[in-house]
Amino acid sequence: MNYFQKAITLFILTMSVCTPVAAKDLHILIDASLSNPMLIDTAFNKRAATFAVQLISQLKQHDTVKLQTFGSLQSTDNFDVKALQVSRHNQKKVAGAVAGYLMSLPKTLKPQGSTNALAWFNRNSVDCSKDQHTILIVTDGIEASEYVNPNHLLSGKQALPAPSEFVNIRGCEVFMFGVGAGRLDQETSLLRKAWGQYFKQAGASFLAVPL
């Protein structure tokens, strides 16, 4: 091997060591509003936990799972973000911890008086470049806020507003688990269409998982 070949080989080895791994985030947002059946029924929570574990099984080393609640804008509980990083040997432990947390919600989470999913996206910038962010929203999908009357949303009299200029989720992969839980099928269909339109306008891929 001549000097030039040695230099190229050394450069490639150096890049493989120094180039940072493109880590991915799985951000799990939990609807803490009083209307969410998953706060009172462990059967709903068990299914949500199973779905979350499936997503975690797709993560790789250095990826991070973040857990955060949303609901009332006045609740400081929603500021807390629990972060768990996946390493080579702890993926099952991370999945078990997340599943346990979701299953505990009916006993541990204090129900909140409103559902501000739209405000969360207005206030939180998410890096969705290079497929680095997946968002799982555990919710019945019923927005109840300054923007939307929940009864009008469920009847089809009111649509969700278009994403504001502050929503930064283009390129994100968004799952909404629990849409329409405990509601009529017509109401569930309206919720799926409403959120589908919202995330399409925001430039994110979207899958609603109804219950």
Do you know which of the residues in the range 123-151 that are under 22 Å from A83 (Cβ atoms) and polar (S, T, N, Q) is modelled with the lowest pLDDT? S129
Output the residue which, of all residues in the range 110-127 that are in a loop (DSSP other than H, G, I, E, B) and of a type in the set (D, E, K, R), is nearest to Q74 (Cα to Cα). K110
What pairs can you find where one residue is in the range 196-211 and assigned to a strand (DSSP E or B), the other is modelled with pLDDT of 95 or more and of a type in the set (S, T, Y), and their Cβ atoms are less than 8 Å apart, with a gap of 6+ or different chains? P210/T188
Restricting to the range 75-95, and then to whatever is free of Cβ contacts under 8 Å to residues at least 40 places away in the same chain and either assigned to a helix (DSSP H, G or I) or touching a Ser or Thr at 6+ places or on another chain (Cβ under 6 Å) (or both), can you tell me which residue is least open to solvent (accessible area, probe 1.4 Å)? V94
Residue that is nearest to K46 (Cα to Cα), among those in the range 98-143 that are open to solvent by 50 Å² or more (accessible area, probe 1.4 Å) and in contact with a Leu (Cβ under 8 Å, 6 or more places away or on another chain): P111
In the set S72, S35, the lone residue that is under 20 Å from L136 (Cβ atoms), assigned to a loop (DSSP other than H, G, I, E, B) and either modelled with pLDDT of 95 or more or not hydrophobic (A, V, I, L, M, F, W, C) (or both) is S35
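The values are calculated or read from the model by the stated rules, or taken from the named source; none is laboratory data. Since the structure is predicted, the reported quantities are computational estimates derived from the model, not experimental observations. As a convention, Cβ positions derive from the backbone with ideal geometry for all residues, glycine included, and neighbour counts pool all protein chains shown. Side chains are part of the model used for accessible areas, which takes the heavy atoms of the whole protein and leaves out ligands, DNA and RNA. Shrake-Rupley method; radii C 1.70, N 1.55, O 1.52, S 1.80 Å.
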